Amino acid sequence: MAALGRAVGASDIVAIAVSGGPDSMALLALAGAAWPGQVIAATVDHGVRADAADEAAMVARFCLGQGPIPHATLIPATPLGTANLQARARAARYSLLTDWARGAKATILATAHHADDQAETFLMRAARGSGLSGLAAIRPNQRITDDLVLLRALLDWRRAELRALAEDWHLPFVDDPSNTSDRYDRTRFRKLLGENPWLDVDQVARAAVHLAEADRDLRAIEAWLLDTRSLPAEPGERRLDVSGLPRDMRRRLARAAITAVREAQVILSASWSPSSNIESLLDALQAGKGATQAGIMASATTDIWHFRAAPPRRST
């Protein structure tokens, strides 16, 4: 809990995401013991499994006997459907948790991600050919909004250690059956690690930490380059001088420009993240052509790259 301990002040409210599994129940118990009176908890019922409501009620009963710790059960406003279920559930979960935490005036939202999660994520992304940002995997902390930080306080813990703690402290918990289902990529990588002890989870997780440090430093360079390489442009647009820069720096600047224009123009419709694949866009710009990605139109005149909101599509 050291990573969380350094971040928590006497006036902070710490919001804990609790699924009811041994990992999150251990986090809840540790946080409640460390910061009595400062902890709140929430459980997300995605409406996918029949047992989820009972599991949320179990967490609520535990919280009632701990001080009590205020607890909320969060339910998506609309059904998730069946397509790409895990990704949709994750997006809904973080949206619900963020809104709840901010509404409760929490300054920290903590999840129970641990070293095994980190190693699984690293291998999953490596198998998909992810770049540096993707391979950095689960970050110890990141700012969600100006007033809320997401913290993963248990990245130095192993899954087995957290389960042992939950059992030793006689905490109630449940095992989600989806955690052993071969339908999901994560489960297959979990089995890979479990069946091959030569794949050292701690070392794989440590590699992700090293890459996260390198990515953080490169992001600082990226911010400096975005400032020093920006040229005059219309409001809500970006023009960049990329002359003399290697491809990776051009890649990072292009992503930063796309993010900046999307934020300035409040573009929410197209999928986008700072680690999105933009290789085809880069190829077009390097060839002096234009391309569109994530609602942004990019064009190139030699080494001057211009990013602006793409015009709306014409209806047919």
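The values are calculated or read from the model by the stated rules, or taken from the named source; none is laboratory data. These numbers were taken from a predicted model, which means no experiment stands behind them. FYI the Cβ positions are ideal-geometry reconstructions off the backbone, even for glycines, and counts take in every protein chain you see. Remember, those area values only see protein heavy atoms, side chains included, never the ligands or the DNA or RNA. Shrake-Rupley method; radii C 1.70, N 1.55, O 1.52, S 1.80 Å.
For the chain, a Gaussian network of Cα nodes joined below 10 Å ranks Thr121, Thr98, Thr301 by mean-square fluctuation, and the top entry is Thr301. Rounded, prolate or oblate: pick one for the stretch 256-307, where a ≥ b ≥ c are the square roots of the eigenvalues of its C-alpha gyration tensor, a/c under 1.5 means rounded, and failing that, prolate if a/b is larger than b/c, else oblate. Prolate, since a/c reaches 1.5 and a/b exceeds b/c.
Legend: calculated FRET efficiency, Val174 to Ala77, from the Cβ-Cβ distance at R0 = 22 Å, rounded to 0.05, equals 0.30.
Axis of helix 85-103 versus longest Cα principal axis of the chain: the two differ by about 80°, to the nearest ten degrees.
When the Cα positions of Ala52, Ser299, Cys63 are compared along the charge dipole of the chain, Ser299 comes out farthest toward the positive end, with charges on each C-beta of Lys, Arg, Asp and Glu. Global size of the stretch 172-316: 20.3, 63 Å for Rg and Dmax (C-alpha atoms, Rg to one decimal, Dmax whole). For the stretch 179-316, the relative contact order works out to 19 percent when only alpha carbon pairs closer than 8 Å and six or more residues apart are counted. Between 0 and 90 degrees, rounded to the nearest ten: what's the tilt of helix 22-34 against the longest Cα principal axis of the chain? Helix 22-34 sits at roughly 80 degrees to that axis. When the Cα gyration tensor is reduced to axis lengths a ≥ b ≥ c, the ratio a/c is 1.5 or higher for the stretch 1-158, and with a/b not above b/c it is classed as oblate. Of all beta bridges that DSSP places with both ends in the stretch 64-161, some 45 percent have antiparallel geometry. Charged side chains reduced to their Cβ positions (Lys and Arg at +1, Asp and Glu at -1) give the chain a dipole of some 1020 debye around its Cα centre.
Dipole magnitude for the stretch 165-233: computed about the Cα centre from +1 point charges on Lys and Arg Cβ and -1 point charges on Asp and Glu Cβ, it is near 320 debye. Counting only protein heavy atoms and a probe of 1.4 Å, the accessible surface of the stretch 17-123 is 55% carbon and sulfur.
Bridges between two residues of the chain, per DSSP, are antiparallel at a rate of about 55%. Length gained on full extension, Met297 to Arg102: 66.8 nm, using 0.36 nm per residue less the C-alpha separation.
Compared with the dominant principal axis of the Cα atoms in the chain, helix 159-168 is inclined by about 30°.
Placing a pseudo-label 7 Å from each Cα along the Cα-to-Cβ vector at Asp217 and Ile304 gives an inter-label distance of 3.5 nm. GNM remark for the chain: springs join alpha carbons under 10 Å apart, and the peak mean-square fluctuation among Val149, Val261, Val44 falls on Val261. Our compactness index for the stretch 95-139, the C-alpha radius of gyration over the empirical 2.2 N^0.38 Å, is 1.51. Accessible surface area normalised per residue over the stretch 96-206 is 53 Å², counting heavy atoms of protein chains with a 1.4 Å rolling probe.
Expressed per residue, the C-alpha convex hull volume of the stretch 144-215 stands at 161 Å³. Comparing Cα centroids, the stretch 106-120 and the stretch 212-281 end up 28 angstrom apart. Rounded to the nearest 0.05, what FRET efficiency is calculated for Ala160 and Tyr184 with R0 set to 22 Å and r the Cβ-Cβ distance? Calculated transfer efficiency: 0.60.
Normalised by the number of residues in the stretch 85-153, the average gap of Cα pairs under 8 Å and 6 or more apart makes the relative contact order 37 percent. Each Lys and Arg Cβ is given +1 and each Asp and Glu Cβ -1; about its Cα centre, the stretch 83-222 then shows a dipole of about 480 debye.
Using heavy atoms of the protein chains and a probe of 1.4 Å, the accessible area assigned to His71 is about 50 Å². Taking the helices alone, the chain has a mean residue ellipticity at 222 nm of -14000 deg cm²/dmol, built from -39,500 (n - 2.57) per DSSP H run of at least 4 residues and averaged over all its residues.
Spin-label model, Asp147/Leu132: points 7 Å from Cα along the beta carbon direction are separated by 3.5 nm. When the chain is described by a simple charge dipole with +1 on each Lys and Arg Cβ and -1 on each Asp and Glu Cβ, the residue from Ala72, Ser243, Asn196 located farthest towards its positive end is Ser243. When the chain is treated as a GNM with alpha-carbon contacts under 10 Å, the residue of Asn277, Asn196, Asn141 showing the greatest mean-square fluctuation is Asn196.
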